[in-house]
Amino acid sequence: MFQERIVSGMRPTGALHLGHFHGAIKNWVRLQAEYSCFFFVADWHALTTHYDSPEMIEQSVWDMVIDWLAAGVDPAQSVLFIQSRVPEHAELHTLLSMITPLGWLERV
């Protein structure tokens, strides 16, 4: 039997607020004790809306991670990573995009 995993992330598009806490972070803190959790900073995803100011994204990355830690996300219980620092993420995207039929994507 395998252990269930949770993979979740957030785009660093600015300061975190109560919506982030109640919508995701509170659940992350609870779930990290029960599951193998991987929480990531989706900085490449943030480029879709803040492409004109990448320096803002870079600063928001670290501010967001600090907020996660302050809210109770524990790096001893969960894996935290920054999307752009894991080259395999982009490699997997490239490979999957080459074999995924357009019809599948249009149904989502």
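Just so you know, all these numbers are worked out from the coordinates, no wet-lab data involved. Being a predicted model, the structure only gives us computed values, none of them experimental. Counting neighbours? That spans all protein chains shown, and the Cβs are built from the backbone with ideal geometry, glycine included.
The gain in end-to-end length when the Ile66 to Leu102 segment is fully stretched comes to 9.1 nm, 0.36 nm per residue minus the alpha carbon separation. Put in line by how crowded their Cβ is, counting other Cβ atoms within 10 Å and starting with the fewest, Ser53, Ser84 read Ser53, Ser84. In order along segment 14-24, the phi-based Karplus estimate (6.51 cos²θ - 1.76 cosθ + 1.60, θ = phi - 60°) of 3J(HN,Hα) comes to x, 5, 6, 9, 4, x, 4, 5, 6, x, 9 Hz; Gly and Pro are listed as x. The GluC sites (Glu not before Pro) found in segment 3-72 that occupy coil by DSSP, while having at most 13 further C-beta atoms within 10 Å, are Glu4, Glu34.
In the chain, the inverse of the mean reciprocal separation of distinct Cα atoms equals 15.3 Å; this is its Kirkwood hydrodynamic radius. A helix-only calculation puts the chain at -12500 deg cm²/dmol for mean residue ellipticity at 222 nm, using -39500 (n - 2.57) for each DSSP H run of at least four residues, averaged over all residues. Under 5 Å between amide hydrogens, built in the peptide plane, is the criterion, and for Ile6 it picks out Ser36, Cys37, Phe38 among residues at least 5 positions away or on other chains. Computed packing ranks the peptides 39-48, 63-72 as 39-48, 63-72, most packed first, by mean other Cβ atoms within 10 Å. Placing pseudo-labels 7 Å out from each Cα toward the beta carbon at Arg5 and Ser36 gives an inter-label distance of 0.6 nm.
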